[in-house]
Amino acid sequence: MPMFSLMRKNEEIMILQIGADGNIIKTGKTKNTAILPLQNRTGHRGVIEWWRDRAIPIKQGKVEQMLRENGIETTGLFLMHNLGLGLTDYYWIRPLGADLSWEDVNLFDNNFKENLLLGKIRYNETDVCEYQPNSSLQGNLEKTWIIENGIRKLVKGNHDVYSAESINEVIISEAIKSQGRDVVQYSLLHIDGKKYDFGCISTLFTSQQKELVSAYAVITSEPKANNISQYEHFINVCERNGLDRNTVRNHLEFEILIDFIFSNRDRHLTNISVLRDADTLKFISMAPIYDNGKSMLAGRDIVPVTDKYVLSQDAAGFKETELELLKLVQDRKLIDVHLLPDTDYIKEMYLKDSQVSESRIDFILEMYKRKIDMYEKFARGEDLRNIRF
């Protein structure tokens, strides 16, 4: 069975044995527990789970087809072939006995190959190393890392023939920016050969100095007391790792409120993150808000927009419904509705999609207007649970 060293940059953490399916089957003694991956830091089982979760989902875009065409049986083996490298942190695996360093393989500095979404390579094949970051790219939406004029960027598609998710990324990133908050900026991008008109593209916001750590990894890095919620536990762990708890709470509350207004149902615990210093391991800040595509009723059937419908939307992450999430909010006035996009702008953006219908745009705009109205009631102190349907 192949043997590897689990590495953080050039520092060895432990020896790993990886099985025929690409999963870790045995781990050796930990040399430095302080630099273990933060997720599930409860021993060697946590490393095994972390590696399994790191592999690209088999249902992402055309991953399954690509693996089959290249004779790779599992996403775990795809991850192993690419040494577990990614563009959000500094973990990788070094074949035992190999003369490789972080400088040789890291994808922040070295060009890379493969393009799972665009289907072509944009740079000279002789300039690329043999590894690429898509093997650790998470989520089921088709996407790919590219290098454009020396800058690492993420290109994302859509789940269906509509461009709604990509358009949402642009609209909502502008809305969050208007509120003076840190957000990943997206722009539309035409992708040849796709049934939808537009994907979207954003610039990498991690670096050799700043890595991304998901809320899930933060939460599972320490045992949670039975008498506190997962939400409060996250804030407590962030504080112990260097962040101001009030700043963290303010960020989370803003995120809950903006997600409510735009009906984002995909704010799961890997779509909330912190940035961590590469050397000190202290948390630097909450990460900019990202992944807002599954908002504004994307993929939902057109139905009459009633108060009951407005207030019965599901959610993800710390709670399962929007109303449950709103109960976590202490400062209800974090959104300036006068700075939010107007309906004319949203309609103009959606009309860029040649396949969207007027009835769907009307559905989206009606929901948006109702959500702003509900938010204003909430900001005035009303309990939305008391609204009679």
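Which condition number in (1) more than 24 Å from the chain's Cα centre (by Cα); (2) surrounded by fewer than 14 Cβ atoms within 10 Å (Cβ to Cβ); (3) closer than 20 Å to Val161 by Cα is the one that Ile361 fails?
All conditions are met except number (2).
Starting from residues that are over 24 Å from the mean Cα position of the chain (by Cα) and assigned to a loop (DSSP other than H, G, I, E, B), keep the ones in region 303-326 and report whichever is surrounded by the fewest Cβ atoms within 10 Å (Cβ to Cβ).
Residue satisfying both the conditions and the ranking: Pro304.
If I ask for residues that are hydroxyl-bearing (Ser, Thr, Tyr) and either surrounded by fewer than 23 Cβ atoms within 10 Å (Cβ to Cβ) or touching a Pro at 6+ places or on another chain (Cβ under 8 Å) (or both), which ones from region 264-298 would you list?
Those that are hydroxyl-bearing (Ser, Thr, Tyr) and either surrounded by fewer than 23 Cβ atoms within 10 Å (Cβ to Cβ) or touching a Pro at 6+ places or on another chain (Cβ under 8 Å) (or both): Thr270, Thr280, Ser285, Tyr290.
Test Asp197 against the stated conditions and say whether it is acidic (Asp, Glu), out of contact with any Phe, Trp or Tyr (no Cβ under 8 Å at 6 or more places or on another chain), surrounded by 16 or more Cβ atoms within 10 Å (Cβ to Cβ) and not assigned by TED's automatic domain parsing to the domain that holds Tyr368.
yes
Quick check on this structure: which one of Ile261, Ile284 is in contact (Cβ under 8 Å) with a residue 40 or more places away in the chain and under 28 Å from Ser163 (Cβ atoms)?
Sole residue among the options that is in contact (Cβ under 8 Å) with a residue 40 or more places away in the chain and under 28 Å from Ser163 (Cβ atoms): Ile261.
Is there a residue being farther than 18 Å from Tyr290 by Cβ, surrounded by fewer than 18 Cβ atoms within 10 Å (Cβ to Cβ) and among the hydrophobic types (A, V, I, L, M, F, W, C) anywhere in region 214-223?
no
Out of the residues in region 2-52 meeting the condition of being under 21 Å from the mean Cα position of the chain (by Cα) and polar (S, T, N, Q), tell me which one is surrounded by the fewest Cβ atoms within 10 Å (Cβ to Cβ).
Asn40
Among the residues of region 224-234, which ones are surrounded by fewer than 20 Cβ atoms within 10 Å (Cβ to Cβ) and either of a type outside the set (D, E, K, R) or assigned to a helix (DSSP H, G or I) (or both)?
Ala225, Asn226, Asn227, Ile228, Ser229, Gln230, Tyr231, Glu232, His233, listed by residue number.
From the residues in region 236-255 that are crowded, with 20+ Cβ neighbours inside 10 Å and β-branched (Val, Ile, Thr), which one is farthest from Ser173 (Cα to Cα)?
Filtering first and then ranking leaves Val237.
I'd like to check something: does region 32-54 contain any residue that is of a type outside the set (A, V, I, L, M), closer than 23 Å to Asp277 by Cβ and assigned to a strand (DSSP E or B)?
no
Just for region 321-373: of the residues that are free of Cβ contacts under 8 Å to residues at least 40 places away in the same chain and among the basic types (Lys, Arg), which one is farthest from Ser178 (Cα to Cα)?
Selected residue: Lys327.
Out of the residues in region 53-77 meeting the condition of being farther than 15 Å from Ser214 by Cβ and of a type in the set (D, E, K, R), tell me which one is surrounded by the fewest Cβ atoms within 10 Å (Cβ to Cβ).
Of everything passing the filter in region 53-77, Glu69 is surrounded by the fewest Cβ atoms within 10 Å (Cβ to Cβ).
Determine which member of the set Gly299, Gly293 is touching a helix residue (DSSP H, G or I) at 6+ places or on another chain (Cβ under 6 Å) and assigned by TED's automatic domain parsing to the domain that holds Leu252.
Unique residue meeting the criteria: Gly293.
Residue by residue through region 298-325, note down the ones that are out of contact with any Lys or Arg (no Cβ under 7 Å at 6 or more places or on another chain), more than 18 Å from Phe378 (Cβ to Cβ) and not β-branched (Val, Ile, Thr).
Ala298, Gly299, Arg300, Asp301, Pro304, Glu320 - these are the residues of region 298-325 that are out of contact with any Lys or Arg (no Cβ under 7 Å at 6 or more places or on another chain), more than 18 Å from Phe378 (Cβ to Cβ) and not β-branched (Val, Ile, Thr).
Taking region 336-358 on its own, how many of its residues are among the hydrophobic types (A, V, I, L, M, F, W, C) and surrounded by 17 or more Cβ atoms within 10 Å (Cβ to Cβ)?
The qualifying residues number 4.
The values are calculated or read from the model by the stated rules, or taken from the named source; none is laboratory data. On a predicted model such as this, the values are computed, not experimentally measured, just so you know. Here Cβ is always computed from backbone atoms with ideal geometry, including for glycine, and neighbour counts include all displayed protein chains.
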